[in-house]
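Asker: Quick one: structure below, then a few questions.
No value in this document is a laboratory result; all are computed from the given coordinates. Keep in mind that this is a model prediction, so the values were computed, not measured.
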Amino acid sequence: MIHLTLIIVDFLTGLLAAGAWALASAGGVIAMLVGGGFAGFTLFRRWRRKP
């Protein structure tokens, strides 16, 4: 019975860690997209301002 409990706890811990990693990865991708879009917009504005 103890072994089964340990397996279940280990499985749930693994799921939690995987979920946290996926959330962090998604956050990184979103931040990269927002940052890239902001940098592109800034460069476009600078390019449009030049005579």
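Asker: Tell me, what does the Kirkwood hydrodynamic radius of the chain come to in angstroms if you use every pair of distinct C-alpha atoms?
Answerer: 14.3 Å
Asker: Between Ala17 and Thr5, what length comes free when the chain is fully extended (0.36 nm per residue of separation minus the Cα-Cα distance, one decimal in nm)?
Answerer: Length gained between Ala17 and Thr5: 2.5 nm.
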